[in-house]
Structures are given as structure tokens and as C-alpha cells.
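In what follows, a single structure is set out as C-alpha cells and then discussed.
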Ligand SMILES: Cc1cc2nc3c(=O)[nH]c(=O)nc-3n(C[C@H](O)[C@H](O)[C@H](O)COP(=O)(O)OP(=O)(O)OC[C@H]3O[C@@H](n4cnc5c(N)ncnc54)[C@H](O)[C@@H]3O)c2cc1C
Ligand code: SF4
Ligand code: SF4
């Protein structure tokens, strides 16, 4: 006998949801038959707002597109404008940017660890990981003046040079974080409960992954070795030594392990950056922001964020304000067409696990 | 042919040979721009995906060129194999904003098309899910159209807390003191409110 | 199925954290100090702030209002306004701090504010939180978004310059002009110092946007000699430029020059300015002297439908800008273009018509309903020392006039110029171009010289020797009463007990003699009012050589207006233009407004 189908509204306020959004589920028993993503709870019309703001005024906006990881947004807007303008960026600024981007990746992964294990019912990990993330936020506070919204990377370089003694603090924090990773292994990655909940769940079909627009850890969790930092190295990634970990299986577990291994890579990248960072300028000044005209042109730039390829399509019509800034976060695809697809057949209790593993982030979907 | 861009230029050649009317050019390393008549977009995208290995629809964008009375649809394709991004562009009429879906090529195109339907008022035939996406009960003009005035909208729909009416305009205060009269034709150049 | 023993046991590792010191801060007993760069609430140094409003303009959240607060008034260089931040809107991006020209605005480490009264979220930084000064965190020092360095003006090299009368300043290219214009924050503080209150932020903004023609049009709105001012203006505006608080002021003059030079001839100029010319209104006005003041009166009255005639003693218009200012600063083509343009819109100029000689003042009075006098200061002061009448002892303005009229003046190869103003420098630099070695003798210190510092520098680059604190005593002549040498004494500076500027005092016995071929005196001029009939002279008031006027440049005789060097103490072209502009308003009121009582006095 076929079970009766019922509709279940998952979210918009739900502890397992990654931000305010809702997934409308049709379930038969506890098996999902159909899933529909509903967003709109966090729409702030940033893209529209930027069309009314000068280029410089757009920088404090874009970071707000993503709380866990604002920096790729700043990076993208900066690089897009630089590409259109043909503006050079001082070498030191490029190193600083990479440091910021990797710190932000680590911070994002700590937050993800909390969310991912929290949805598996492991409540100690979030306590730890959010606390450990705070040590990275301390670094951001010192470097940028803000813990969450850094407003630090902008066209021409970065906003301020490293404060005195900052590099040492970063290295110390890296040592600390590195020392913590085995603890997380014991608590989370080796944990039988987590493994049970992650393995074989939320599987993405490897053959379809590219066509479906899967990027980042979910893609590498299908055993496909692609990473923007390697495919199209920006800033100084081509001068740094790191590997792109991949795992087979396409499931939550593979994605988790990819992230876990990437944390080590990020720590190593940050150490290399600090070692290799040259002196000199950190900012190639743009004109006075009130009169900063960006020549007509367009650019598509992408950055490897903690959730994968983060793209910006930016168009200038030569005026003081952007003609168009179109943000394409990984969640735009992961959280809608992909999620709706792989939720079918899944168990209700795995919805939150799957969403977390895909890095679904509604503010990125609706901006 | 530039030695540095062998891959890019080869792809451009291939495109031009297949689609004679396509304007294809190198933008920079790893980037080519292809401009096409709108009716050629579906066959081109299918060709790009199936024959040129542009399997990843990295992005899909829309730009309102209100002064030309056109929308520009921008498909940003990526070939992992070639490591090239193709920015494929076409213009469609803005008044009768209609186009065809490409969701049969990339399912995620459906989401973009829903958004453009909602935000620009473009109808994508073949996409049967052009339902509400981000907005709710919206009854104004599609808000990403350039002629939708966010400032006006917020003035009409939100109230401003009292207490800031004493704000002055610096330029006005100075002209008041000096007696300077700014002629009307110059005023647009003194407006420093950037919003 | 194998049991995952490790997976079951290892999580218990967490237990070893029991009893360890927590990572968290025990708020509120413990507080975490914000980082050195923390972006918290604003602080504003109210004394440093000039109320330019750039912070309010750049704020993308419209969080800043500019408001009047007690203790600050609108003065030259300060709008008197101060920013107030709505912390309910602020996002602490600090764009305002990084764009503040004076650096008065900062953010602090304070970030906690709890209140159930939403009005307390409005904060006047500095006023409401004076303690913020001790807590500054995000400051803009060295990290400003503004560009404090001027785009340097390309110039001929000193060595090249002295070879001819070619224009020294080469002018900005389009890119340079756009870049320089882009430095402007558009506050308009500068306009207050401009005697005619030109619309500076507007035309600079037009240039920044690439609309040079609009810039020209805006310039001509209240200055018909924009190109002259673009080349030689004394630019008081730049002195109070907001950006000058921490850097080099916007090159306002050079931008004006750039824009006005875009109109290559009078026809193009007319096409760009495209002024509205009102139909004749039947009123007639006479103007004495085609200096910048007289020309301004003529131009704007003609546009407003008046029948204007300028009576000019010489055969060229421009007054001192034609006969005083040397051609390497203001070429004749440029003057001609500007005058031709004025004629083309209906200004009539009668040349070689000296009032008092070629036509009497009374005749003028009968012909016109109102008269503007702008005859300038043309009679030089004498040095008052022995030998001054010798051959080879000349007056700077006579010398410059002769040179500007392309006459030959014999000065020999060793010249001493006496004086420290712009006229002295001009005479010196012209003498260099005639091939002479030049020394300037000036009574006070170099920093006391009234001449423009750029002019002083320019002179030095061209090889002029400046001898400060030197007072001439006697011109020594030979048997043919020709200048042979000059005797001068060195002076020391005596501080003024009343706090005024120090005065030079001759050091007894420290006298020297320099052999020279000529001495050029440039210590000031005065006016020649002899053409005015006695009854007019008696009815108007002349104080220290200048005619006393009201705010409309009206003398005690309602129909008689005066302006330029004979009425203002600033003695520069832009002040003469401003006088002319005010006189236009006065004459318009007088002749068009029938209501005026008080016997025609305008105030
Ligand atoms: C050497 C020199 C350099 C200068 N450099 C600068 C500078 O760089 N920047 C600046 O801003 N200013 C400069 N000035 C000052 C500036 O030129 C004068 O302040 C300005 O020209 C004064 O304008 P005005 O309208 O009073 O008339 P003036 O320019 O003095 O002109 C008066 C006119 O009246 C005519 N006139 C006199 N008497 C009669 C009469 N009875 N009948 C008919 N016509 C008569 C004269 O022929 C003359 O054309 C300089 C002056 C000199 C002498
Ligand atoms: S920008 Fe600075 S100087 Fe100008 S008003 Fe604001 S605080 Fe004052
Ligand atoms: S910090 Fe940013 S948001 Fe706040 S007042 Fe300054 S410019 Fe506005």
C-alpha cells in the first residue's frame, strides 16, 4: 500500500536550517517525495542598491551577502573592478588578500563543523568550533576593525596594512588551530554517530555534477578535482604550495572529509603567505570616491569560497555607479535545483544534514 | 594569432566557423566573449555544451539597457576541459520581454529564469515554473528594471523616524552666507547626494 | 557488521576538557577590550572639522546629517555645520572617516549603547562623547581615500623660459584635468572666499564628469574673464579648500584655465556659453576704463539689455591685465579672444578715448543714466630717494606697459628691482627675459613678500636673485645723470610689541653699493582722479586714495558707481570682476526698479 503523502514545511525558522529559508516537503511516511525551496526572507536587494551607489559605496554592501564568509564577496567585487579598470594591485596586498581569504575559509569551516555536527545531534562540537572560530574573528578584528563584516579588501588592494606584530599572532593562532584538529577528529569525524549519519546520505551523482553546476567541496566530494584556486589562480595562489583534496562517494561524508582536509591546506597556505609576504605598498589608490568613474566594461570573476566557486558578473557603463553587479554564490545552485533534487528519496531527519553539507545559504540565493 | 591564447583563439575560430554571424572575441586570458542574435542562443548553447565541452553554466545574468530598450541576457559558460569561460550575450526587446528557456540544457537555469521573470519581467517560454521566487505579493513593476525607483518606493512604503529634520545642506548654507546664486543649469553638478 | 569501536570510544576524549579554564570571557565581570582598529562609535574633533559635509555625502546609509550646533558659525573656511550620526543607520564602514578631508573624524573603541529611547541613537560625535578622544581607534591618518597631492602643472623649464615671452604654464591635458578635478569633494567651502563667488564645485564637477563645455558655461555665469582668471587669478579660493587642510588644495585656477581654453576662439566660446541676451531695455550706461571691472559691468549689462559704452584711454582693452601682467603669464591672444567675445554680444568699447581729455566727464553724464568708473591705479608711487629722476630709473608699471605694447626699453644688463609684490616680480622676470641680471631688493623677509609664492619660486628658477631686508638709500648717477649704482642698507626685523608684523630697521653702517644699469621701482600705485569735475569730487568720498562705495559699488552719488583697484583693497582682477558684478546688480536695480526711494541710494 502506498503511504499517504503529507506536506511538511521545514523552516523558515528551524534550528537545522542554515539561515531563514523554507523547504516545502512532500513526504510519504518519513521519505521525501518532493522538495521545493522557498526563499525571500532575507532579500535585501543588494544588487539593486548598488546600482544606486557609487563604486566605493558598494564595497561595504557586498560583505553582507554572507555572514560566515564575507571576504570572497569583497574579493570578487575588488577583482572585477580592477579587471575593468586595469588597475594594478601591489604584491603585498595580494598576499594579504590570500591570508584573509584563507582565514575566512577556516572561520567558515569552523562554523560549518558546528552546524554539520549539530544537525547530527552532536552538540559539543558547535560549542567548541564557534569558540575556536572566535580566535580567527579576533584576528579579523585586529586587522580590519570588524569581526564579521571586514570591509577590508577593495579595489586597488586592502584598506590598511597589517598592524604591528600581527603576523606572529596569526602564526600562533594557526598553531593553536592545528593542535585542535585532532580533537575535532575524535569528536566528530571519527565519531561513529557522525559517520553513520553522513555516509551514503545525500549522494550527488558524479556524472551529473558538472552539468548540474555543483562546485566546491560538494564537487570534490564526488572525486572531481576542481578548485578555482588551481584552475584560474588569482592573487598569488600560483606561488603557493597546496593540494586539492578529493574524496569519492558524493555523500555528506565525502564533502565533510574534503573540508576537513582543506583546513590543513589553509593553515599551510597562511603560513606560506606570512613567510613569503613582501613589504611595500598595500593599496593602489583609486580616485576620490565621489569622483571615481570606472570605464565601461564587464568582468566575470570567481573566487573559491568555502562553499565553492563564487562568481561576480560586473558591468560598468562608465559612470560613477555600477550598471550591474550580479552575484552568483554556490548556494544559488546548491540550495535550489540541486537540493530539490537530492532531497527526493531522503529521510526527513537528513534534510538538515544534507543542507549543511551543501553549504546552503539563503542570503546568497536572494542577496 | 597570439601565442599566449592558443586555446582561446582556437575556440573562437571554431565558434565563428559554426556560427557565421557570431561575434566572438578574446576578452583576456581564459575569457572569450560571444555575441549572438537571440534566435541563435538555444542552438549555440547546445553546441557549446555538447561539442565545445562548456558543460558548466557558471552564471546567467541579465542587464537592463533601458536606454536601448533592451535586456541583455548573459550566459557565462565554463569549460573545465579547456579552462575557458565564454561570456555569451544576446539582446532582447525590453517591451515584449520574452525568451526561451534553456533549462533542458542546465536544470539550474530554471532558477535564474524564475528570478529574471520576477525581477525583470522576462517571460521564458518552456519554463513552467515561473512562480514567485524571492518576492511575495509583488504588484509594482519588476524591481530590477532600471525604472523602478527604490528610493521612491521606500518613501512611499516606510516611514522615517522624526528627529532629523534639522539637517542642513552644506552648499546651501554657504551660498546663503555669500549670496551666491547657482544657476539652474549648474545645479545638477552641485548635487552631491549620491543616492 | 564490524563494530566501529574507535568511532564509539574516541568522542569520550572530550571529557578530558572537564575542569579546564574556559575560553569565554566572564561578561560583565570581565570585559574584552576592542582591538586597536576597532570600528566603533564616531568621534569628531569639532575644532578641526570644517563642516564640509563630505562624511555625509559618502555615507551610503544616509546616517549623517549636517547640523548647526552651539558655538560654531558659518565663517570663511567653515560652514559652521557639524555631522550628527544616526547610529540606528550606521554600519561602521568608516567610509566617512576615510573620506574626511581634515581628518577630524574617527571611530572609537566604544561600541556599547543601550537605551530604550531611540532618540539617543543620534550622536553628535565629539559633542556628545567628548571622552571619545581618548579612545580613538579607526583614524584616517595616512590611509585617506582622498588624494592629497595635486597633479603637477607642466611648465617650461626656467632656462627655456627666459629665452622668450612664451607662456610658462603649459596647461593640463585632458587626463590630468580629469584626475585633478576628481580630487575635489565638492563641498563648496571655497566659494565663500572667491570675491565673485564663482560656482567652483559645479564647474570642477563638470570637468570631472568630462563635460568641459558645461564647465565653461558655469564659469561664465558670473565671470566674463574666466580664461584670464584661469591663468592669473590670485585664487583665494584655494586658500580655504577643504583638501588643503591636510594636503595640496585642488588646482582650482588651473582647472578653470583648462576648461576655458577649450573654447579656441570667440565663436566657439559664444556657442558654448550661449548666453541669453535680453532685448534692449532703453537704458544707457557709460563705463570709464576697460579693465576687468569695467568689462564685467559692460558684459552683464549688455546681456541684460542695456546699451553700454566703455570709454578706454588706451588702444587695447583689459587695463592692467593687458598692460601690467606680462605676456608669458597671459598671452595677448587670450585677452583678444575674451574681448572679441564680449564685443560680439554687444559691448561697445571706444578706444583711445580718455575721459577728461578726449571727452569730458560731463558729456558722459549727459549721455548716460548711470556711470561706472574703473580706472584702476596707474600712477606709480615714487621711491622718494635721491637720484630717482635719473635716466635708467624707471617705474615698473611704465616699464611693463611699454614691454606689453611691444616697445623697446633700454635697461642694460644689470637691473635692480625695488619691491616685493607681484608687480616687482613681474618686472624682474621680464627683465630676465630681456637678458639682464636681476636682483630684487625687498625691505622685509621673503615670507613677508606680498607676491604669490609660486611667482617667487618662478622668479628664482629663472635666476632672479632676491635680496630681502634691504632698503634702498640712493641711486648713484654718473655725470650724464644716468643710473650707475644703487646704495642700500641691510635691515633687521624689529618685532612689533603690539603683535603686528615685524618692521624692518636699518642696521647703521651696513650699507652697500651695487653697480647697475637701471633701477625699476615697484612699490605701489595710486589713481588719477583729475578728470572728475569738482562738484563730483566734492559729493563723493575718497578715503586713502580709494572711492568709498556701498555693497552695490554705488558712490554717494546714486548714478555713479566705482569699482576695481580704485575701490577695493585687494587689487586683483577677480576683485575688480566682483565689483563689476555687484555694480551690475546695483545699476539694474537703480534703472529698472522704479520703486527705489531714498533718492536712488540702494541701501
Ligand atoms: C604688473 C601687474 C601684475 C598683476 N598681476 C595680477 C595677477 O597676476 N592676478 C591678478 O588677479 N591681478 C593682477 N594684477 C592686478 C590687476 O591687474 C588689477 O587689479 C586689475 O586689472 C584692476 O582692474 P580695474 O578694473 O580696477 O582696472 P584696471 O585694470 O586698472 O584698468 C583701468 C583701465 O582704465 C583705463 N583708464 C584709466 N583712466 C582712464 C580715463 N580717464 N579714461 C578712460 N580710460 C581710463 C586704463 O587705460 C585701463 O585700461 C596685476 C597688476 C599689475 C600692475
Ligand atoms: S568630512 Fe570631516 S571635516 Fe568634513 S564635515 Fe565631516 S567630519 Fe567635518
Ligand atoms: S561609518 Fe559608514 S555608515 Fe556609519 S556614518 Fe560613517 S559612512 Fe555612514
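The values are calculated or read from the model by the stated rules, or taken from the named source; none is laboratory data. Just so it is clear, the model here is predicted, and its values are computed rather than measured. Don't worry about glycine lacking a Cβ; one is built from the backbone with ideal geometry, like all the others, and counts go over all protein chains shown.
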All but one of (1) more than 14 Å from chain B (Cβ to nearest Cβ); (2) closer than 24 Å to residue C:52 by Cα hold for residue C:184, so report the exception by its number. (1)
When you look at residue A:97, is it modelled with pLDDT of 90 or more, crowded, with 24+ Cβ neighbours inside 10 Å, over 18 Å from residue A:216 (Cβ atoms) and away from chain C (no Cβ under 14 Å), yes or no? yes
Residues of the stretch A:184-193 being touching a residue at least 40 places away in the same chain (Cβ under 8 Å), buried (at least 17 other Cβ atoms within 10 Å of the Cβ) and within 9 Å of chain C (Cβ to nearest Cβ), which ones? A:187, A:188, A:191
Every listed condition ((1) surrounded by fewer than 24 Cβ atoms within 10 Å (Cβ to Cβ); (2) on the phi < 0 side of the Ramachandran plot; (3) touching a helix residue (DSSP H, G or I) at 6+ places or on another chain (Cβ under 9 Å)) holds for residue A:280 save (2)
Could you look through the stretch C:68-80, keep only residues that are within 12 Å of ligand 2 (Cβ to nearest atom) and over 21 Å from residue C:131 (Cα atoms), and pick out the one that is nearest to the other protein chains (Cβ to nearest Cβ)? C:79
Identify all residues within the stretch C:42-73 that are near ligand 3 (Cβ under 10 Å from one of its atoms) and part of a loop (DSSP other than H, G, I, E, B); write none if there are none. C:59, C:60, C:61, C:62, C:63
Please work out which residue is farthest from ligand 2 (Cβ to nearest atom), limiting yourself to the stretch C:264-303 and to residues that are in a loop (DSSP other than H, G, I, E, B), away from every other protein chain (no Cβ under 14 Å) and farther than 18 Å from residue C:334 by Cα. C:282
Look through the stretch A:43-59, keep the residues that are in contact with a strand residue (DSSP E or B) (Cβ under 9 Å, 6 or more places away or on another chain) and within 12 Å of chain C (Cβ to nearest Cβ), and return whichever of them is nearest to residue A:359 (Cα to Cα). A:46
In the stretch C:311-420, which strands (runs of 3 or more DSSP E) lie fully inside it and hold 3 or more residues that are within 12 Å of ligand 1 (Cβ to nearest atom) and within 21 Å of residue C:584 (Cβ to Cβ)? C:370-373
Being within 11 Å of chain A (Cβ to nearest Cβ) and within 16 Å of ligand 3 (Cβ to nearest atom) is the filter; apply it to the stretch C:32-41 and report the residue that is farthest from the chain's Cα centre (by Cα). C:34
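Somewhere in the stretch A:153-171, is a residue over 19 Å from residue A:307 (Cα atoms), free of Cβ contacts under 8 Å to residues at least 24 places away in the same chain and more than 14 Å from chain C (Cβ to nearest Cβ)?
So far as the stretch A:153-171 goes, yes, one or more of its residues are over 19 Å from residue A:307 (Cα atoms), free of Cβ contacts under 8 Å to residues at least 24 places away in the same chain and more than 14 Å from chain C (Cβ to nearest Cβ).
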Within the stretch C:86-104, which residues are more than 12 Å from residue C:39 (Cα to Cα), within 11 Å of ligand 2 (Cβ to nearest atom) and in contact with a helix residue (DSSP H, G or I) (Cβ under 8 Å, 6 or more places away or on another chain)? C:99, C:100, C:101, C:102, C:103
Exactly one of these conditions fails for residue C:104: (1) surrounded by fewer than 23 Cβ atoms within 10 Å (Cβ to Cβ); (2) modelled with pLDDT of 90 or more; (3) within 23 Å of residue C:148 (Cα to Cα). Give me its number. (1)
Residues that are assigned to a helix (DSSP H, G or I) and either at pLDDT 95 or above or under 20 Å from residue B:141 (Cα atoms) (or both), drawn from the stretch B:66-110: B:66, B:67, B:68
Can you pull out the residues in the stretch A:137-152 that are surrounded by fewer than 21 Cβ atoms within 10 Å (Cβ to Cβ) and touching a residue at least 40 places away in the same chain (Cβ under 8 Å)? A:148
Which pairs do you get when a residue that is away from chain B (no Cβ under 12 Å) and within 18 Å of residue C:251 (Cα to Cα), found in the stretch C:213-238, comes within reach of a residue that is assigned to a loop (DSSP other than H, G, I, E, B) and within 11 Å of ligand 1 (Cβ to nearest atom), reach meaning Cβ atoms under 6 angstrom, with the pair 6+ apart or on two chains? C:231/C:330; C:232/C:325; C:232/C:329; C:232/C:330; C:234/C:572
Out of the residues in the stretch A:233-257 that are outside any loop (DSSP other than H, G, I, E, B) and in contact (Cβ under 8 Å) with a residue 24 or more places away in the chain, state the one that is farthest from the chain's Cα centre (by Cα). A:239
Quick test for you: out of C:53, C:71, C:88, pick the one residue that is in contact with a strand residue (DSSP E or B) (Cβ under 6 Å, 6 or more places away or on another chain), modelled with pLDDT under 95 and more than 16 Å from ligand 1 (Cβ to nearest atom). C:53
Which of the residues that make up the stretch C:488-536 are surrounded by 13 or more Cβ atoms within 10 Å (Cβ to Cβ) and more than 30 Å from residue C:413 (Cα to Cα)? C:493, C:502, C:503, C:505, C:527, C:528, C:529, C:531, C:532, C:533, C:536
Taking the condition of being touching a residue at least 40 places away in the same chain (Cβ under 8 Å) and closer than 14 Å to residue C:338 by Cα, how many residues in the stretch C:268-292 meet it? 7
Condition check for residue C:558: under 19 Å from residue C:286 (Cα atoms), away from ligand 1 (no atom under 11 Å from the Cβ) and at pLDDT below 90: yes
Scan B:134, B:174 and give me the residue that is crowded, with 18+ Cβ neighbours inside 10 Å and assigned by TED's automatic domain parsing to the domain that holds residue B:98. B:134
Go through the stretch C:84-110 residue by residue and tally those that are at the interface with another protein chain (Cβ under 10 Å from one of its Cβ atoms), in a strand (DSSP E or B) and within 32 Å of the chain's Cα centre (by Cα). 1
Looking at the stretch C:257-273, can you tell me whether even one residue there is assigned by TED's automatic domain parsing to the domain that holds residue C:351 and within 20 Å of the chain's Cα centre (by Cα)? no
Can you confirm whether residue B:57 is under 26 Å from residue B:118 (Cα atoms) and touching a helix residue (DSSP H, G or I) at 6+ places or on another chain (Cβ under 8 Å)? yes
Being over 18 Å from the mean Cα position of the chain (by Cα), under 30 Å from residue C:57 (Cα atoms) and away from every other protein chain (no Cβ under 14 Å): is that true of residue C:164 here? no
List the number of the failed condition for residue B:114; all other conditions in (1) within 12 Å of chain C (Cβ to nearest Cβ); (2) modelled with pLDDT of 90 or more hold. (1)
